[in-house]
Amino acid sequence: MVLHVIKSNIYSGAENVVCQIIKGLSDREEFIYMAPHGPIEDKLKSIGLINCYRGIDKLSVYEIKKAVEELHPTVVHAHDFTASVLCGIALKGSVPIVSHLHNNPPWIKDLNIKSIAYKMACKYFNHILMVSDAVYDEYRYTSKIKCPITIIGNPFSVDGVRSQVADFTFTGTVTENDFDCDSNDELDSDILFVGRLTEQKDPMMVVEVASELIKNGVIKRARLVGDGELYEQLSSFVKSAGLEDKVILEGFKKNSYDYMAHTKVQIMPSKWEGFGLVALEAMSLNVPVVGTDNGGLGKIIDSSCGYVCHTKEEYVNAITELLSDSALYAKKSTGANARALEYNNINEYCDKLFNIYEELR
């Protein structure tokens, strides 16, 4: 049995990966998903994984030790830096540990307590998984790590995304006025942001770009799907600009794919990004992506499927060009679908991970 350990209690990129691993390997492996109580429970219920959930109040060395003593896992799969460090401290090599790094926060480049703590915990890890070359290249102490490191990417299934949108029909190409889903006033948008409302994802850039595009008459509606510490700040900006009915903060949603399928452009102004799974999810629904080239996004977004931008002006200009030229939109929409298919790797990913588990037992 594999015990997945994760600090977060919501559903986002890393949590999505854990769920895909459990589903993809359910015929070959038993799993427990251990995380603090919170919105993740509703998501696990909705996708049929609640039976493997072990809820805790807070992730700690004590809770990790207790889970291992009660469940006797053959492998502990720790997700991201904090869970990995805590698992190293708690287990100290008594159970094989896979440390899985999903992100590349700025601090990994520097000499600080976090980067040093992870370096010290590495002596207890049996294998490290990194989602992109960006994580490998940016972590200050990568060269000091003794255990095997695998750049594994993320598990991704185009059909898996499409199957979660009830009214989606794949047509291959679309124009900016020809959606693959029926119009739905509660879901439709011209631009869409999906992610945590945190500094990393830079949602303030989204509302500023949306405000400019609305003022210029380019778009009528933008939506932001997600929750986080910047919610109130974003809400204040929207209210002060008089855009409550045009820039809509949806909060956390169990299924963001419905919103993706009903938008024209996905926007991702992330300041750092380990992989960039949301970009591929949108592309699998024919949606071009306008975003940064930071971290893993640099290998996903290109001129075939969207635009790489760095400033507000670049975002405004790119989206204006995209939504003003139906032929261009159709070309990038078709390119988005093709790009998503290049990353369609769920079976290969699960086989690779299962082989790593087997080697550690």
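Rolling a 1.4 angstrom probe over the protein chains, ignoring ligands and nucleic acids, what is the accessible area of His4 in square angstrom, nearest 10?
0
Can you list the equivalent-ellipsoid semi-axes of region 212-290, largest first and in whole Å, using the square root of 5 times each Cα gyration tensor eigenvalue?
Values: eigenvalues 92, 52, 31 Å².
Ellipsoid half-lengths, sorted descending, are 21, 16, 12 Å.
Which of the trypsin sites (Lys or Arg not before Pro) across region 38-113 are loop residues per DSSP, with 10 or fewer other Cβ within 10 Å?
Details: sites: Lys43, Lys45, Arg54, Lys58, Lys65, Lys66, Lys92, Lys109; in loops: Lys58, Lys92.
Sparse-neighbourhood loop trypsin sites (Lys or Arg not before Pro): Lys58.
Using 1/(1 + (r/R0)^6) with R0 = 41 angstrom and r between the beta carbons of Ser183 and Arg140, what's the FRET efficiency to the nearest 0.05?
Values: r = 50 Å, r/R0 = 1.21.
In this case the efficiency is close to 0.25.
How many nm is it between the label spots at Asn317 and Leu341, if each spot is 7 Å from the Cα in line with the beta carbon?
That separation, rounded to one decimal, is 3.3 nm.
What residue among Ile6, Phe156, Leu234 has its Cα farthest toward the positive end of the dipole of the chain, where the charges are +1 on Lys, Arg and -1 on Asp, Glu, each on the Cβ?
Final value for the positive-end residue is Ile6.
Per-residue HN-Hα couplings for region 130-138, Karplus 6.51 cos²θ - 1.76 cosθ + 1.60 at θ = phi - 60°, whole Hz, x for Gly and Pro?
With coefficients 6.51, -1.76 and 1.60, one gets 10, 7, 7, 4, 4, 5, 4, 6, 8 Hz.
Find how much the distance from Lys114 to Lys271 grows on full extension, using 0.36 nm per residue of separation minus their present alpha carbon separation; answer in nm with one decimal. All intermediate terms of the calculation are to be shown ahead of the outcome.
Values: separation 157, 0.36 × 157 = 56.52 nm, distance 1.92 nm.
Net length gain for the segment: 54.6 nm.
Sort region 1-139 into rounded, prolate or oblate with this rule: let a ≥ b ≥ c be the square roots of the eigenvalues of the Cα gyration tensor; rounded if a/c is under 1.5, and if a/c is not under 1.5, prolate when a/b is larger than b/c, oblate otherwise.
Details: a/c = 1.66, a/b = 1.36, b/c = 1.22.
Prolate.
So, with +1 on the Cβ of K and R and -1 on the Cβ of D and E, and no other charges, what is the size of the charge dipole of the chain about its Cα centre, to the nearest 20 debye? Mind showing how you got there, number by number?
Numbers: 37 positive and 49 negative charges, 276 e Å.
The dipole magnitude comes to about 1320 debye.
Arrange the residues Leu192, Leu328 by how much accessible surface each exposes, largest first, with a 1.4 angstrom probe. It would help to have the intermediate numbers written out before the result.
Details: Leu192 0, Leu328 40 Å².
Sorted descending by solvent-accessible area, the residues read Leu328, Leu192.
Where Lys and Arg each count +1 and Asp and Glu each count -1, what net charge lies around Lys146 among other residues with Cβ under 12 Å from its Cβ? Don't jump to the answer; show the numbers that get you there.
Details: positive: Lys119, Lys123, Lys144; negative: none.
Computed value for this residue: +3.
Give me the accessible area of Asp110, 1.4 Å probe, in Å² rounded to the nearest 10.
Only protein atoms counted, so the area is about 80 Å².
Divide by every residue of the chain the summed helix terms, -39500 (n - 2.57) for each DSSP H run of at least 4, and state the resulting mean residue ellipticity at 222 nm, rounded to the nearest 500 deg cm²/dmol. Write out the running numbers ahead of the final one.
Details: 14 runs with 142 residues, N = 361.
Helices in the chain give a 222 nm mean residue ellipticity of -11500 deg cm²/dmol.
Asp185: accessible area at probe 1.4 Å, nearest 10 Å²?
Looks like 110 Å² after rounding.
If the chain between Ala241 and His310 were fully stretched, how many nm would it gain, using 0.36 nm times the residue separation less the Cα-Cα distance?
Numbers: separation 69, 0.36 × 69 = 24.84 nm, distance 2.32 nm.
22.5 nm is the gain from fully extending Ala241 to His310.
Probe radius 1.4 Å, ligands and nucleic acids ignored: give me the carbon and sulfur share of the accessible area of the chain as a rounded percent.
Values: 7170 of 15160 Å².
C and S atoms contribute 47 percent here.
Rounded to the nearest whole Å², what accessible area per residue is found for the chain with the 1.4 Å probe? Don't skip to the answer; put the middle values down first.
On the way: 15160 Å² over 361 residues.
Ligands and nucleic acids excluded, the figure is 42 Å² per residue.
The values are calculated or read from the model by the stated rules, or taken from the named source; none is laboratory data. Because the structure is a prediction, the values reported are computed rather than measured. Every residue, glycine among them, receives a Cβ derived from its backbone with ideal geometry; neighbour counts consider all protein chains shown. What goes into the accessible areas is simple: the full protein's heavy atoms, side chains included, and nothing from ligands, DNA or RNA. Shrake-Rupley method; radii C 1.70, N 1.55, O 1.52, S 1.80 Å.
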